[in-house]
Amino acid sequence: MTSIKALGIDVGSTTVKIVGVDAAGNLAWHFLEPAEPRVEDHVERILVQAKSQSSNEMPLVATGYGRGLVHQATRKVTEITCHARGIYRELGHGGTLVDIGGQDSKVIAIGPKGDVIDFAMNDKCAAGTGRFLEHSAQRMRVPLNDIGRVSLGTTEEVVISSTCTVFAESEIISLIAHNVAPEAILRGLHRSLIKRIVAMIRTVGLVSPLMLSGGVAQNPAIARMLEEETDAKVVLPQHPQLMGAYGAALMAMGMAHIEMARAS
Ligand code: ADP
């Protein structure tokens, strides 16, 4: 049995993540699963699993798109705050955080003491999110886990001119029909996503280093191309997809301290 003291759950649009932290605030346990349509039932099942990991009563903070449906949570907190908390705790410095998830992307300016100074969010257009690459990978029949590596393995690159996921799909079909190398198309698709992210970074302002969180950060081409496009150093935490849930668990832990202080 692990020594988990508090839990954070991030109910994302594509993946549900749960993290347990120990008394020192270290990420001690985690579990993630694709999001199911019946959010409340899914969360209930995941929480039963989490509770079996520890004999302690554990405070729970919920974040993410579906946080409003986590009735078991002591508190619900925005992803902006939770990602900033998680990343600051792990990396120990401020900078500009880029969080790219399945259906939205965010740029968060984090101050030297970990506070959120400003942010920008795109949840209106799939083209700046993981959905764009996922859709494209499916269309090209390349596994999602491989698209970054494949893109980095070539120097050839086509310009994808469509600014919309649906139109980009037609463009991919046409490029394949004209025998353009799949690697060059994939690289062009990554470039298109990165350019959208860089435009968001410019609205918030770039304070080096750039930091990455969210599931899409696991794609190695993202960090590399962000560095190419901005000339800034890009740093990653060990588990980028868990940073929201980790930040939530840290907030739950903070509450646990307050509760203990009140009780003593
Ligand atoms: P959300 O919080 O919106 O559910 P996440 O931050 O959990 O999003 O990220 C989920 C997305 O990350 C998936 O939709 C997928 O596009 C992307 N992703 C997950 N794992 C990988 C991987 N190994 N390589 C590339 N992309 C990935």
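Residues in the range 76-114 that are open to solvent by 20 Å² or more (accessible area, probe 1.4 Å) and closer than 18 Å to G25 by Cα: T81, R85, Y88, R89, E90, L91, G92, H93, K113.
The range 160-264 holds helices (runs of 4 or more DSSP H) entirely within its bounds, and those carrying 2 or more residues that are under 17 Å from the mean Cα position of the chain (by Cα) map to 182-204, 220-230, 243-263. Is there any pair linking a residue in the range 223-235 that is among the polar types (S, T, N, Q) to one that is open to solvent by 20 Å² or more (accessible area, probe 1.4 Å), with Cβ under 7 Å and at least six apart or on different chains, and which? Sorted first by the residue in the range 223-235, then by its partner, the pairs are T230/L206.
The single condition among (1) open to solvent by 10 Å² or more (accessible area, probe 1.4 Å); (2) within 16 Å of the ligand (Cβ to nearest atom); (3) without any contact (Cβ under 8 Å) to a residue 40 or more places away in the chain; (4) in contact with a helix residue (DSSP H, G or I) (Cβ under 9 Å, 6 or more places away or on another chain) that P37 does not meet is (4).
Every residue, every condition in (1) modelled with pLDDT of 95 or more; (2) under 18 Å from the mean Cα position of the chain (by Cα), yes or no:
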site: A23; (1), (2): no, no
site: F31; (1), (2): yes, yes
site: A35; (1), (2): yes, yes
site: K51; (1), (2): no, no
site: S55; (1), (2): no, no
site: L69; (1), (2): yes, no
site: T78; (1), (2): yes, yes
site: T81; (1), (2): yes, yes
site: E90; (1), (2): yes, yes
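Every condition in (1) out of contact with any Phe, Trp or Tyr (no Cβ under 9 Å at 6 or more places or on another chain); (2) touching a residue at least 12 places away in the same chain (Cβ under 8 Å); (3) farther than 30 Å from R196 by Cα; (4) surrounded by fewer than 16 Cβ atoms within 10 Å (Cβ to Cβ) holds for Q49 except the one numbered (1). Once the range 138-156 is narrowed to residues that are in a loop (DSSP other than H, G, I, E, B) and within 17 Å of A168 (Cα to Cα), the residue that is nearest to the chain's Cα centre (by Cα) is V142.
Looking across the range 210-227, the residues that are open to solvent by 10 Å² or more (accessible area, probe 1.4 Å) and more than 9 Å from the ligand (Cβ to nearest atom) come down to A223, R224, E227. Here the range 65-82 is the region considered, the condition is being small (G, A, S) and out of contact with any helix residue (DSSP H, G or I) (no Cβ under 6 Å at 6 or more places or on another chain), and the residue that is nearest to the ligand (Cβ to nearest atom) is G68.
The values are calculated or read from the model by the stated rules, or taken from the named source; none is laboratory data. Model, not experiment: these values are computed from the prediction. Glycine also receives a Cβ, built like all others from the backbone with ideal geometry; neighbour counts cover every protein chain displayed. Ligands, DNA and RNA are excluded from the accessible area calculation, which covers all protein heavy atoms including side chains. Shrake-Rupley method; radii C 1.70, N 1.55, O 1.52, S 1.80 Å.
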